[in-house]
Amino acid sequence: MWQSYIDVVKECAPQATLVFDKFHIVRHLMEAVDQVRRNEIHEKGKEHKELMKNSRYIWLKNPWNLTPKQEARLSRLEKMNLKINRAYLLKERLRDFWSYKTKTWAKKHLKQWFWWATHSRLKPMRDFAWMVRRHEENILTWFQMPIHSGTVEGLNNKAKVVSHKAYGFRTASNYIRNLYHCMSDLPEPPLMHRFV
């Protein structure tokens, strides 16, 4: 969602349709939610820091992935009227956006969510909402072309792991050869030494 990326795509492939991946949108949303948590801890001081200790992932995880202990703690924290709880509810409400079947209904939901986020009095959530508004057209194209970049992201991550395992390659051809070997799951050569 970087403007320079958008500009390059528009310049080099003007006929292309931009589709912003759900993963990247949710990542920005999670950063906003976590920023609300950090701001609240900073504002309210030491006692509040103790109260919120080890709660970061409770607010960021999907509700169905919470352990019973985390569910109980979330239930207690939700009753305290915290700012982070408002951010958490906004996060959960935006999840419904992806369940719509048509672009028209999704756009209505996004418009309502935008109003809630901009009136939440939470700056990180407001900033995220305005970012969504700026890119709304390319976010909504997902309903015409429900594609994602998960496979590419996974391959990029594997390529980074290959590079880190070798601590660098002397030539590009060695790096490419190593990528082919590791990403195609070829068998490893037998080791000369055995480790017990």
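Work out, step by step, the length gained on full extension between Glu71 and His119: first 0.36 nm times the residue separation, then minus their alpha carbon distance; give nm to one decimal. Let's see the in-between values first.
Details: separation 48, 0.36 × 48 = 17.28 nm, distance 2.76 nm.
Contour length minus the Cα-Cα distance gives 14.5 nm.
At 0.36 nm per residue, and after removing the present C-alpha to C-alpha distance, how many nm does the segment from Asn178 to His42 gain when stretched out fully? List each step's numbers first, then the result.
Details: separation 136, 0.36 × 136 = 48.96 nm, distance 4.68 nm.
Full extension from Asn178 to His42 adds 44.3 nm.
When log10 I(q)/I(0) by the Debye sum over Cα atoms at q = 0.09, 0.11, 0.16 Å⁻¹ is calculated directly from the model, which label among (i) -0.30, -0.45, -1.03; (ii) -0.53, -0.73, -1.08; (iii) -0.37, -0.53, -1.04 fits?
Working out log10 I(q)/I(0) by the Debye sum over Cα atoms at q = 0.09, 0.11, 0.16 Å⁻¹ from the coordinates points to (ii).
Please work out how much length the chain gains when fully extended from Thr151 to Lys10, using 0.36 nm per residue of separation minus the C-alpha to C-alpha distance, in nm with one decimal. Each step should come with its number before you reach the end.
Details: separation 141, 0.36 × 141 = 50.76 nm, distance 2.32 nm.
Roughly 48.4 nm would be gained on extension.
Can you return the lysines within cross-link range of Lys101? Criterion is Cα-Cα under 19 Å, with same-chain partners fewer than 8 residues away left out.
Lys22, Lys111
Which aspartates and glutamates have a Cα lying under 15 Å from the Cα of Lys158, excluding residues fewer than 8 positions away in the same chain?
Within the straight-line limit of under 15 Å, Lys158 reaches these aspartates and glutamates: Asp185.
Quick one: Cys12, Cys182, fewest Cβ neighbours within 10 Å first, how do they rank? Show your work: numbers first, answer last.
Details: Cys12 8, Cys182 16.
Arranged by neighbour count, lowest to highest, Cys12, Cys182 become Cys12, Cys182.
Let me know the charge dipole size of the stretch 15-143 about its Cα centre in debye, to the nearest 20, where only the beta-carbon of Lys, Arg (+1) and Asp, Glu (-1) is charged. Numbers along the way, then the final one.
Working: 29 positive and 14 negative charges, 47 e Å.
It comes to approximately 220 debye.
Grab the beta carbon distance between Tyr57 and Thr141, set R0 = 41 Å, and tell me the FRET efficiency rounded to 0.05.
Step by step, r from the Cβ atoms, then E = 0.85.
Excluding residues on the same chain fewer than 8 positions from Lys44, give the lysines whose Cα lies under 29 Å from its Cα.
By straight Cα distance, Lys44 reaches Lys53, Lys61, Lys69, Lys79, Lys83, Lys91, Lys123.
Could you tally the net charge around Trp105, taking each other residue with its Cβ under 12 Å from the Cβ of Trp105, Lys/Arg +1 and Asp/Glu -1?
Working: positive: Lys101, Lys103, Lys107, Lys108, Lys111; negative: Asp96.
Summing Lys and Arg as +1 and Asp and Glu as -1 gives +4.
Each label point is 7 Å from the Cα along the Cα-to-Cβ direction; what then is the distance between the points at Trp2 and Arg27, in nm?
Distance between the two pseudo-spin positions: 1.1 nm.
Could you give the angle, 0 to 90 degrees to the nearest 10, between helix 68-78's Cα long axis and the longest principal axis of the Cα atoms of the chain?
Here the helix axis deviates by roughly 40 degrees.
Just to be sure I follow the definition: excluding the sites themselves, where is the longest run in the chain that has none of the trypsin sites (Lys or Arg not before Pro) in a DSSP loop with at most 12 other Cβ atoms within 10 Å? Please report the intermediate quantities before stating the final value.
Numbers: sites that count: Lys53, Lys79, Lys101, Arg121, Arg170, Arg194.
Here the longest run is 1-52.
No lab work stands behind these numbers, since they all come straight from the coordinates. These numbers were taken from a predicted model, which means no experiment stands behind them. Note that we place each Cβ from the backbone using ideal geometry, even for glycine, and neighbour counts take in every protein chain shown.
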